[in-house]
Structure formats: structure tokens, C-alpha cells
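The values are calculated or read from the model by the stated rules, or taken from the named source; none is laboratory data. Just so it is clear, the structure is predicted and the values come from calculations on it, not from any experiment. Note that we place each Cβ from the backbone using ideal geometry, even for glycine, and neighbour counts take in every protein chain shown. When the accessible area is computed, the model is the full protein with side chains, heavy atoms only, and any ligands, DNA or RNA have been set aside. Shrake-Rupley method; radii C 1.70, N 1.55, O 1.52, S 1.80 Å.
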Amino acid sequence: SALVVIPPDLPTQLIFFVGREAELALLVERLANPDHRLITLTGPGGIGKTRLALQVAAAQANQFVDDVCWVPLTDAQSDTDLALAVAHALHLSLSGAQDIRAQLLRALRDDPRERLLVLDNFEQLFPAGGVQLVLDILRAALQTTLLVTSRQRLNLQAESVLPLEGLPCAETAEGTSDAAQLFAERAGRARLDFAVAPAQQAAVTEICRLVEGSPLGIELAAAWAGEMSPARIADEIKGTLDFLTSDHPDLP
């Protein structure tokens with residue numbers, strides 16, 4: 001697990017990042033290569049795309065010394081929204097009297113700084129011209145690298161894709177799986193005196209398998225550790241996945 005120092009323009013994370021060591025190392029390596037200026041993390045909701053992207057962006061603070069910018073796109077519905085979100089992240093002042101898209105591309109073309117732009121939650125922009133704007137940014141800003149999180153790939157020739165799957169659930173010779181470690185860490189927050197006993201480890205592994213290693217599913221299951229045992233949590237999940245709900249306002 002790791003808690004990194006987040007550059008000021010990135011969202012602050014208050015909990016530890018668990019697992020994904022191989023993916024993190026691969027992304028750090030590829031982002032250092034100018035041949036990979038567009039990388040997309042794909043996968044279903046709750047698989048951890050945003051959290052991994054944030055961890056990678058924080059790790060790139062030294063590589064992209066000029067700028068690491070986070071662009072949240074949850075509320076974006078058009079390519080103009082995308083252009084405005086990117087401009088906001090770059091602290092650019094755009095005038096509504098002129099074409100927003102053209103202004104953004106001109107500003108990026110005239111700016112020689114090396115930067116990493118993270119476009120988070122891109123999927124709703126596919127029918128709205130968002131992919132074309134990404135391509136225009138790549139062509140205009142030759143010193144800019146893009147890391148995108150999306151439920152589907154952008155299908156651009158310049159794109160490198162890393163599909164994310166659930167965390168490994170099987171026990172290894174080195175110890176508990178990444179999925180079980182995540183459950184234990186989050187369960188210890190749900191109940192401060194909670195620790196997974198050896199006799200409970202099989203139930204924890206079963207929970208992780210039932211949610212297919214989904215980090216969000218594991219977090220939702222672990223939130224019940226303050227009220228019931230891992231074995232009972234597993235039984236409840238077998239009954240219905242609707243059991244996995246939460247009223248935490250800071251969960252995605």
C-alpha cells in the first residue's frame with residue numbers, strides 16, 4: 001500500500017492505495033516514452049481507473065516538471081465542456097466571444113511546457129465530439145501527454161490501451177492477495193479494532209471472488225465489517241448484490 005504526496009492541482013486522497021504495482025510500474029515506464037503520448041485506462045465502473053490514474057499522475061510530478069493537470073469530466077456533455085474543463089485545469093482564461101476550442105488549441109500550441117493532462121471519466125463524451133478534440137490536442141500540443149480513464153477506448157491510432165480487471169483474489173506464496181489486503185485495510189476503517197483472523201481469511205477471499213476483485217465492490221463489502229463477520233458478508237452477497245450499497249458521500 002502507498003500514500004503519495006499529491007501535487008496541488010490533483011485531488012487529495014485520504015486513504016491508502018492498495019495493489020496495482022505491475023500496472024503502476026508499466027504506466028510510469030510508458031509515460032516516460034514520447035511514443036506513448038495517449039494512454040487510456042479502460043474497464044467497467046468501480047474497477048479503479050480513476051484511483052490508479054491519480055496514483056500515476058502523482059508519481060509523474062518529477063517526470064513532467066512543468067505541469068501535471070487533473071481534468072474531471074463527470075459533468076461534461078460536449079466538446080465545448082471538455083475544452084472548458086481543460087482550460088480550467090490549465091488556468092487559462094478564455095473569452096466567450098471567440099471559439100472556445102480554437103482558443104484552447106492556440107494556447108496549447110504556443111505553450112512549450114511539457115505537461116501531463118489526465119482526462120478522467122471520458123466515456124460520456126464519445127457522441128459529443130470529445131475524441132476529435134483529444135486528437136486535435138495531440139496534434140497542437142506536441143509536449144503534452146494525455147492519460148485518459150474511460151469505460152471504452154478512444155479508437156485512435158496514437159492510443160495505447162491498458163484494460164483494467166479486478167484485483168487478484170487468489171492467495172500467493174508471498175501472502176494475502178491484493179484484493180484481501182484492500183478488504184482488510186478498508187474493514188479496519190469501518191471498525192478500528194477489526195483485524196482479519198486466520199479463520200476468517202477464507203471468507204474474505206470468497207467475498208473478493210464474489211465481487212470479481214472489483215475495488216469498489218470490495219470497499220462496499222468491507223464497510224459492513226463493523227456490523228457483521230466476513231462469513232455473513234459473503235452470505236449476504238450470495239443472496240443479492242443489492243446488499244452492496246453505501247451512504248458514504250465521498251464514494252464514486
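Extending 7 Å from Cα along the Cβ direction at THR172 and again at ASP35 yields two label points whose distance is 2.8 nm. Relative to the longest principal axis of the Cα atoms of the chain, the long axis of helix 230-239 makes an angle of roughly 70 degrees.
Compute the length gained on full extension between GLN63 and ASP235: take 0.36 nm times their separation in residues and subtract their Cα-Cα distance, giving the result in nm to one decimal. The span from GLN63 to ASP235 would gain 57.3 nm if fully extended. Legend: calculated FRET efficiency, ALA140 to VAL28, from the Cβ-Cβ distance at R0 = 30 Å, rounded to 0.05, equals 0.70. Rounded to the nearest 10 degrees, the inclination of helix 130-140 to the longest alpha-carbon principal axis of the chain is 60 degrees. For HIS91 and ARG189, the FRET efficiency from 1/(1 + (r/R0)^6), where r spans their Cβ atoms and R0 equals 25 Å, is about 0.10. Across region 112-252, the volume of the C-alpha convex hull divided among the residues equals 172 Å³ per residue. Given a Förster radius of 22 Å and the C-beta distance between ILE15 and SER78 as r, what FRET efficiency does 1/(1 + (r/R0)^6) yield to the nearest 0.05? Given R0 = 22 Å and the Cβ-Cβ separation, E is 0.10. Counting only protein heavy atoms and using a 1.4 Å probe, the accessible area of LEU162 comes to about 30 Å². Taking every DSSP beta bridge that has both ends in the chain, the antiparallel portion is near 10%.
Sorting ILE207, ILE15 by accessible area puts them as ILE15, ILE207; the probe is 1.4 Å, largest comes first, and only protein heavy atoms count. Isolated cysteines in the chain, defined as those with no second cysteine Cβ under 4.7 Å, comprise CYS69. How much net charge surrounds THR80 when only other residues with a Cβ under 15 Å from its Cβ are counted (Lys, Arg +1; Asp, Glu -1)? So the surrounding residues net to -4.
For the residues ALA58, ALA225, ALA32, a GNM of the chain with alpha-carbon springs under 10 Å puts the largest fluctuation on ALA32. Measuring only protein heavy atoms, the 1.4 Å probe finds THR74 accessible over about 90 Å². Electrostatic tally near HIS36: other residues with Cβ closer than 12 Å to its Cβ, Lys and Arg +1, Asp and Glu -1, net -1. Accessible area per residue for the chain is 50 Å², calculated with a 1.4 Å probe on protein heavy atoms, without ligands, DNA or RNA.
Mean separation of Cα pairs under 8 Å and 6 or more residues apart, divided by the residue count, gives the chain a relative contact order of 21 percent.
Which of PRO198, PRO34, PRO112 moves the most in a Gaussian network model of the chain with Cα springs under 10 Å? For the chain, modelled as a Gaussian network with Cα springs under 10 Å, the answer is PRO198.
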